[in-house]
Structures are given as C-alpha cells and as structure tokens.
C-alpha cells in the first residue's frame with residue numbers, strides 16, 4: 001500500500017513546504033527551505049510514478065519545482081531559507097541545499113510527468129552543473145551525483161564527481177576503517193550510494209567494488225543486533241571511538257534504504273534484506289521498539305534516548321515517504 005501524502009500536504013501551502021511542526025501542526029514561523037523543497041519534489045514525483053492520478057502529488061510537485069526555479073540565482077546556485085512572509089533570508093544557500101536542488105532537478109528532468117516540467121527542470125539543472133566544481137564537502141557532491149545519475153549524464157561532471165569521491169575514500173580508508181571521511185556524521189549512506197550509481201553510469205568496475213566495500217562497512221557500523229540502528233547525532237562516530245546511539249535521524253534510514261536498493265540492483269546478495277531492515281526502523285523495529293509514522297504519512301523527528309520526538313516536521317516526513325516509495329518502486 002502506498003504511503004499517504006496527507007501530512008506532507010498539510011505542511012505544503014502555495015509557496016512551499018513548511019520546515020517544522022508542533023506535533024502535526026505546521027510551525028509557520030520556521031518558513032521554507034530549498035533542502036526540503038528539493039526532497040518534496042522527488043517524493044511527489046515518486047508518488048506520481050506509483051499513482052499518476054493523485055492530485056496531492058501533482059500539487060506538491062508543482063509547488064516544489066516552482067520554488068526551486070525561483071530559488072536559483074543567476075550564477076546557478078540557490079537560495080535556501082525563505083521566511084513565511086516570502087522573503088529570502090540568505091544571499092546564497094548552503095552547499096547541501098544547492099546539492100539537493102541539483103538532485104531534484106536532475107530527477108525531475110527525466111521523471112516529471114509533464115513535458116514542460118521536464119524541460120524547465122533540465123534548463124535549471126544544466127545551469128547549476130558548473131557550480132558543483134565549487135563544492136568543498138562530500139555530502140553536496142553526493143546529492144549532486146544522485147541528480148547526475150537520475151539524469152543519465154555520462155559526461156565530464158559525473159566523471160569529476162566520481163573522481164572526488166574516490167579520492168576521499170583513498171585518503172581516509174585504512175585497515176578496518178573503510179570510509180570516505182575520518183568520521184561518520186549525517187546522511188552517511190548517500191556517499192556509497194552516490195559512488196555506486198556513478199560507477200554504474202560510467203561503467204567503472206573498480207569504483208563499483210569500492211562503493212560496495214564502503215557500504216559493507218556502513219552496514220557493520222549501523223546495526224544493533226538484527227536492528228538497523230544508525231549513528232546518532234550526539235557525537236556521531238569518529239574513527240577509533242564508539243558510535244553515538246542517539247539521537248537517530250529519519251534521513252539516515254531513508255538514505256540506507258536507497259543505498260541498499262541500489263546495491264541490490266547491482267547484484268549484491270542480501271542488500272534487499274538490509275534495505276527492508278532500514279525501512280522497518282520507521283515502523284517500530286528500532287532500539288526503542290516504537291513506530292515513528294502514522295496513517296497520514298507523518299514521521300516523528302527522531303529516536304532519542306528518552307523516547308520518540310513527537311514533532312513531525314518536513315525533513316523527517318519526507319525521509320519516510322522517500323524510503324517507503326523507493327521500496328514500492330523496486
């Protein structure tokens with residue numbers, strides 16, 4: 001059964017998706033951000049692939065893509081934060097928000113149901129491509145890589161991003177630590193997912209093997225017995241230290257579902273079961289044994305040491321919807 005878009009729809013007005021919530025009520029004072037609208041676009045377009053006649057998916061995709069086009073600056077980068085009063089609050093957004101916008105536009109350029117949406121998304125995507133070279137962190141590179149892979153772009157930008165991911169792995173992977181950085185922080189599974197998708201796109205078998213090695217290392221660090229238990233944000237996982245068990249974030253489970261499903265498509269044995277384990281984290285198979293999601297498709301903001309965060313903001317809800325829809329589309 002497809003997950004409901006009801007809560008996401010309640011967070012999404014005619015401008016964008018409101019960032020945070022008081023429980024299930026939108027917290028309008030927090031305004032909007034490109035980070036969330038990029039994910040809203042992907043989720044809504046995914047849902048249309050499952051249920052093309054869904055009017056809420058159509059509306060959310062329409063709002064999200066319009067927001068992203070408005071957010072793009074003349075140099076190809078993007079604003080991130082907008083107030084509830086429709087005023088931009090920054091001169092340029094974070095690298096993460098720019099990377100996520102590239103991801104969404106690359107996805108929309110090939111997956112949007114309407115030809116004019118695909119065309120406008122492709123134009124914005126092409127204008128943003130030169131900005132990737134200026135990214136200094138790995139997460140935005142990984143997000144951009146997902147857009148490059150979704151768009152099927154086999155040229156120089158994809159090769160350059162793959163080279164940078166491989167260089168990061170070579171600089172940090174040693175002995176038992178087979179990872180791209182000296183610590184695991186947030187949205188970790190996006191790194192091997194990005195390398196795996198670009199390796200497949202470019203036919204690079206060495207990069208493919210490296211990505212699967214990193215994903216196996218990721219798997220080992222994010223289990224508690226048979227439960228998916230992602231690295232928490234109260235200390236992360238520095239090399240040579242114990243991982244933080246809390247607070248566990250929904251975006252990590254969503255990234256794990258996507259990454260393991262990519263590995264399953266690449267033929268990695270057992271990857272589909274790992275994806276299902278990460279998905280079940282949302283439904284209560286976590287260290288607290290408490291479900292995070294409701295029948296309206298809302299998702300709590302995390303698994304904390306003292307319980308489940310009752311607020312159901314955009315990032316968490318979008319993470320759940322993306323994970324559940326990736327599973328349904330597989």
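Go through 273, 267 for me and flag whichever is part of a loop (DSSP other than H, G, I, E, B) and surrounded by fewer than 24 Cβ atoms within 10 Å (Cβ to Cβ).
Details: 273 fails: part of a loop (DSSP other than H, G, I, E, B).
Just one listed residue meets the conditions, 267.
Could you grab me the full set of residues in region 300-318 that are touching a strand residue (DSSP E or B) at 6+ places or on another chain (Cβ under 7 Å) and over 18 Å from residue 64 (Cβ atoms)?
Applying the first criterion (touching a strand residue (DSSP E or B) at 6+ places or on another chain (Cβ under 7 Å)) to region 300-318 yields 300, 302-303, 311-314, 316-317.
Those that are touching a strand residue (DSSP E or B) at 6+ places or on another chain (Cβ under 7 Å) and over 18 Å from residue 64 (Cβ atoms): 300, 302, 303, 311, 312.
Among the residues of region 32-40, is any out of contact with any strand residue (DSSP E or B) (no Cβ under 6 Å at 6 or more places or on another chain) and part of a strand (DSSP E or B)?
Within region 32-40, not a single residue is out of contact with any strand residue (DSSP E or B) (no Cβ under 6 Å at 6 or more places or on another chain) and part of a strand (DSSP E or B).
Yes/no matrix, rows are residues, columns are (1) under 15 Å from residue 184 (Cβ atoms); (2) modelled with pLDDT under 95:
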{"residue": "237", "(1), (2)": "yes, no"}
{"residue": "280", "(1), (2)": "no, no"}
{"residue": "297", "(1), (2)": "no, no"}
{"residue": "306", "(1), (2)": "no, yes"}
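Of the residues 156, 115, 145, 160, which is modelled with pLDDT under 95 and over 23 Å from residue 17 (Cβ atoms)?
The match here is 156.
Can you tell me which of 267, 235, 302 is more than 19 Å from residue 328 (Cα to Cα) and out of contact with any helix residue (DSSP H, G or I) (no Cβ under 9 Å at 6 or more places or on another chain)? Step through it out loud before you land on a result.
Details: 267 fails: more than 19 Å from residue 328 (Cα to Cα); 302 fails: out of contact with any helix residue (DSSP H, G or I) (no Cβ under 9 Å at 6 or more places or on another chain).
From the options 267, 235, 302, the qualifying one is 235.
Looking at region 323-330, can you tell me whether even one residue there is surrounded by fewer than 16 Cβ atoms within 10 Å (Cβ to Cβ) and outside any loop (DSSP other than H, G, I, E, B)? Spell out the reasoning first.
Step one: list which residues in region 323-330 are surrounded by fewer than 16 Cβ atoms within 10 Å (Cβ to Cβ), which gives 328-330.
Those left that are additionally outside any loop (DSSP other than H, G, I, E, B): 328-329.
Yes, region 323-330 contains at least one residue that is surrounded by fewer than 16 Cβ atoms within 10 Å (Cβ to Cβ) and outside any loop (DSSP other than H, G, I, E, B).
May I ask you to verify whether residue 197 is farther than 17 Å from residue 135 by Cα and not in a loop (DSSP other than H, G, I, E, B)? Even if it seems obvious, please write down each step before you answer.
Numbers: farther than 17 Å from residue 135 by Cα: yes; not in a loop (DSSP other than H, G, I, E, B): yes.
Criteria met by residue 197.
I'd like to verify a number: residues in region 298-315 that are in a strand (DSSP E or B) and within 16 Å of the chain's Cα centre (by Cα), how many?
Count: 1.
Just to be sure I understand, how many residues within region 200-241 are surrounded by 14 or more Cβ atoms within 10 Å (Cβ to Cβ) and in a helix (DSSP H, G or I)?
Residues flagged as surrounded by 14 or more Cβ atoms within 10 Å (Cβ to Cβ) and in a helix (DSSP H, G or I) within region 200-241 amount to 16.
Mind checking which residues of region 11-29 are out of contact with any helix residue (DSSP H, G or I) (no Cβ under 9 Å at 6 or more places or on another chain) and either part of a strand (DSSP E or B) or buried (at least 24 other Cβ atoms within 10 Å of the Cβ) (or both)? Walk me through how you get there before you give the answer.
The first filter runs over region 11-29 and keeps only residues out of contact with any helix residue (DSSP H, G or I) (no Cβ under 9 Å at 6 or more places or on another chain), leaving 22-23, 27-29.
Matches in region 11-29: 22, 27, 28, 29.
Which number in (1) in contact (Cβ under 8 Å) with a residue 40 or more places away in the chain; (2) touching a helix residue (DSSP H, G or I) at 6+ places or on another chain (Cβ under 8 Å); (3) assigned to a helix (DSSP H, G or I) marks the one condition that residue 161 misses?
Checking residue 161 against (1) in contact (Cβ under 8 Å) with a residue 40 or more places away in the chain; (2) touching a helix residue (DSSP H, G or I) at 6+ places or on another chain (Cβ under 8 Å); (3) assigned to a helix (DSSP H, G or I), the one that fails is (1).
Condition check ((1) within 21 Å of the chain's Cα centre (by Cα); (2) part of a helix (DSSP H, G or I); (3) surrounded by 20 or more Cβ atoms within 10 Å (Cβ to Cβ)) across all residues:
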| position | (1), (2), (3) |
| --- | --- |
| 43 | yes, yes, yes |
| 46 | yes, yes, yes |
| 62 | yes, yes, no |
| 67 | yes, yes, yes |
| 84 | no, no, no |
| 91 | no, no, no |
| 98 | yes, yes, yes |
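Determine whether region 108-121 contains at least one residue that is under 17 Å from residue 35 (Cβ atoms), touching a helix residue (DSSP H, G or I) at 6+ places or on another chain (Cβ under 8 Å) and not in a helix (DSSP H, G or I).
Here is the first cut: in region 108-121, the residues under 17 Å from residue 35 (Cβ atoms) are 108.
So of that shortlist, the ones also touching a helix residue (DSSP H, G or I) at 6+ places or on another chain (Cβ under 8 Å) come out as 108.
Narrowing further to those that are not in a helix (DSSP H, G or I): none.
There is no residue in region 108-121 that is under 17 Å from residue 35 (Cβ atoms), touching a helix residue (DSSP H, G or I) at 6+ places or on another chain (Cβ under 8 Å) and not in a helix (DSSP H, G or I).
Mind checking which residues of region 48-60 are in a helix (DSSP H, G or I) and surrounded by 15 or more Cβ atoms within 10 Å (Cβ to Cβ)? Lay out the reasoning, then the answer.
Filtering region 48-60 down to residues in a helix (DSSP H, G or I) leaves 48-50, 55-60.
Within region 48-60, 48, 56, 57, 58, 59, 60 qualify.
On the given criteria, is residue 76 part of a loop (DSSP other than H, G, I, E, B), touching a helix residue (DSSP H, G or I) at 6+ places or on another chain (Cβ under 6 Å) and either without any contact (Cβ under 8 Å) to a residue 40 or more places away in the chain or under 23 Å from residue 142 (Cβ atoms) (or both)? Give the derivation first.
Working: part of a loop (DSSP other than H, G, I, E, B): yes; touching a helix residue (DSSP H, G or I) at 6+ places or on another chain (Cβ under 6 Å): yes; either without any contact (Cβ under 8 Å) to a residue 40 or more places away in the chain or under 23 Å from residue 142 (Cβ atoms) (or both): yes.
When the stated conditions are applied, residue 76 passes them.
The values are calculated or read from the model by the stated rules, or taken from the named source; none is laboratory data. A quick note: this is a predicted structure, and the numbers were derived from the prediction, not measured. As a convention, Cβ positions derive from the backbone with ideal geometry for all residues, glycine included, and neighbour counts pool all protein chains shown.
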